[in-house]
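Participant: Input: one structure, supplied below.
The values are calculated or read from the model by the stated rules, or taken from the named source; none is laboratory data. Here the structure is a predicted model, which is why all the values come from computation and not from measurement. Here the Cβ is made from the backbone with ideal geometry for all residues, glycine too, and neighbour counts use every protein chain on show. Just so you know, the surface numbers come from the protein's heavy atoms only, side chains and all, with ligands and any DNA or RNA stripped out. Shrake-Rupley method; radii C 1.70, N 1.55, O 1.52, S 1.80 Å.
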Amino acid sequence: NFAQSLNLGVIEKCTIFSGNGAVTNSGSSTFDGIIGTDYGGLTGFNANATTYTTHSADAFTVQAKIDILNAFILLNNVPVTNITHAPGFAAETLTPGVYLVGEAINVSGSITLSGSATDFYIFKAQGALNFADGTTINLGNVLPENVFWLAEGAITATGTCSLAGTLIAHPGAVTLGSGSTLVGRALSTTGAINIGPGSATLPNGAS
């Protein structure tokens, strides 16, 4: 039922978007999809790029600002299935479900998401979400478009992380460190987004 009702609206096509905050590319990164902000500057992006497009304070970003908030509310309201996991996620295999941690979540090491192409993962941090240097999210048969990381605070990936899924900070900044890669989306309802040298690409089927 959740899979059938999930509708990201126009942000399905966004790789990086802030509803209210500057978006900065601080290095020689590669992107696809749409990059934008409804209020704040876009820095370090090529308006003539062929692999991505940019939007700033236009009709698209107005709708995206609405859709990102609606998506966060929808995802946050999905019933929780796991409330017992510790705040630290490290070098482990996780089964599908909705994980709620009543504080910040810290992720490190190699995390394997077991399951099939129809399984969903939602991680809800009632605080910041931190990915330590070297964190790797291994999907196996799980699709990146079915993985969501929600934070009631900032989201930070330090150093060379290999991440997958949609990151949503509400509110808070999103930072992807130098050398990090993301197959998914980096989104903030209200907060700056900073991308170091690396890459960010949309999940399959979302472009």
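Participant: Being in contact with a Ser or Thr (Cβ under 8 Å, 6 or more places away or on another chain) and touching a residue at least 40 places away in the same chain (Cβ under 8 Å) is the filter here; which residues of region 154-170 pass it?
Facilitator: ILE168, ALA169, HIS170, listed by residue number.
Participant: Out of all the residues in region 142-181, which are touching a His at 6+ places or on another chain (Cβ under 9 Å) and open to solvent by less than 10 Å² (accessible area, probe 1.4 Å)?
Facilitator: Here is the first cut: in region 142-181, the residues touching a His at 6+ places or on another chain (Cβ under 9 Å) are 150-153.
Within region 142-181, LEU150, ALA151 qualify.
Participant: If you don't mind, another one. In the list GLY97, GLY109, which residue meets the criterion of being loosely packed, with under 15 Cβ neighbours inside 10 Å and within 19 Å of the chain's Cα centre (by Cα)?
Facilitator: That would be GLY109, the only listed residue that is loosely packed, with under 15 Cβ neighbours inside 10 Å and within 19 Å of the chain's Cα centre (by Cα).
Participant: Just for region 74-94: of the residues that are out of contact with any Gly (no Cβ under 7 Å at 6 or more places or on another chain) and open to solvent by 80 Å² or more (accessible area, probe 1.4 Å), which one is farthest from LEU139 (Cα to Cα)? Break it down into steps so the answer makes sense when it comes.
Facilitator: Residues of region 74-94 that are out of contact with any Gly (no Cβ under 7 Å at 6 or more places or on another chain), as a first pass: 74-80, 83-89, 92-94.
Right, trim to open to solvent by 80 Å² or more (accessible area, probe 1.4 Å) and you get 77, 79, 83-84, 93.
Numbers: ASN77: 24, PRO79: 22, ILE83: 22, THR84: 22, THR93: 10 Å.
Selected residue: ASN77.
Participant: Something else: If you check every pair at least six apart or on different chains, which have Cβ atoms under 7 Å apart with a residue in region 104-133 that is under 19 Å from ALA71 (Cβ atoms) and polar (S, T, N, Q) first and a residue that is assigned to a strand (DSSP E or B) and open to solvent by less than 40 Å² (accessible area, probe 1.4 Å) second?
Facilitator: GLN126/VAL101
Participant: Within the bounds of region 143-152, is there any residue that is out of contact with any Lys or Arg (no Cβ under 9 Å at 6 or more places or on another chain), among the small types (Gly, Ala, Ser) and either part of a loop (DSSP other than H, G, I, E, B) or in contact (Cβ under 8 Å) with a residue 40 or more places away in the chain (or both)?
Facilitator: Checking region 143-152: not a single residue is out of contact with any Lys or Arg (no Cβ under 9 Å at 6 or more places or on another chain), among the small types (Gly, Ala, Ser) and either part of a loop (DSSP other than H, G, I, E, B) or in contact (Cβ under 8 Å) with a residue 40 or more places away in the chain (or both).
Participant: Another question, if that's okay. With respect to the numbered conditions (1) more than 17 Å from ASN204 (Cα to Cα); (2) in contact (Cβ under 8 Å) with a residue 60 or more places away in the chain; (3) out of contact with any Ser or Thr (no Cβ under 6 Å at 6 or more places or on another chain), which one is the sole condition not fulfilled by LEU100?
Facilitator: (2)
Participant: Hey, another quick one. Could you tell me whether SER29 is modelled with pLDDT of 95 or more, surrounded by fewer than 21 Cβ atoms within 10 Å (Cβ to Cβ), farther than 18 Å from ILE168 by Cβ and polar (S, T, N, Q)? Working first, answer last.
Facilitator: Details: modelled with pLDDT of 95 or more: no; surrounded by fewer than 21 Cβ atoms within 10 Å (Cβ to Cβ): yes; farther than 18 Å from ILE168 by Cβ: yes; polar (S, T, N, Q): yes.
Against the criterion (modelled with pLDDT of 95 or more, surrounded by fewer than 21 Cβ atoms within 10 Å (Cβ to Cβ), farther than 18 Å from ILE168 by Cβ and polar (S, T, N, Q)), SER29 does not qualify.
Participant: I'm checking my understanding of the structure. Among residues of region 193-206 that are open to solvent by less than 40 Å² (accessible area, probe 1.4 Å) and in a loop (DSSP other than H, G, I, E, B), which one is nearest to ILE16 (Cα to Cα)? First the steps, then the outcome.
Facilitator: Taking region 193-206 and keeping what is open to solvent by less than 40 Å² (accessible area, probe 1.4 Å), we get 193, 195-196, 198-200, 202-203, 206.
With in a loop (DSSP other than H, G, I, E, B) added as a condition, the list becomes 196, 198, 202-203, 206.
Working: GLY196: 13, GLY198: 13, LEU202: 9, PRO203: 12, ALA206: 13 Å.
It comes out as LEU202.
Participant: Here's another thing I want to ask about it. Which condition does GLY184 not pass, out of (1) outside any loop (DSSP other than H, G, I, E, B); (2) open to solvent by 10 Å² or more (accessible area, probe 1.4 Å), if it passes all the others?
Facilitator: In the conditions (1) outside any loop (DSSP other than H, G, I, E, B); (2) open to solvent by 10 Å² or more (accessible area, probe 1.4 Å), GLY184 misses (2) alone.
Participant: Taking the condition within 17 Å of THR166 (Cβ to Cβ) and surrounded by fewer than 20 Cβ atoms within 10 Å (Cβ to Cβ), does ALA104 pass? If you could, list the steps in order and put the result at the bottom.
Facilitator: Working: within 17 Å of THR166 (Cβ to Cβ): no; surrounded by fewer than 20 Cβ atoms within 10 Å (Cβ to Cβ): yes.
The answer is no for ALA104.
For (1) open to solvent by less than 20 Å² (accessible area, probe 1.4 Å); (2) within 23 Å of GLY9 (Cα to Cα); (3) free of Cβ contacts under 8 Å to residues at least 60 places away in the same chain, each residue gets a yes or a no:
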residue	(1), (2), (3)
ASN20	no, yes, no
VAL23	yes, yes, no
LEU42	no, yes, yes
ASN48	no, no, yes
THR51	no, yes, yes
ALA59	no, yes, yes
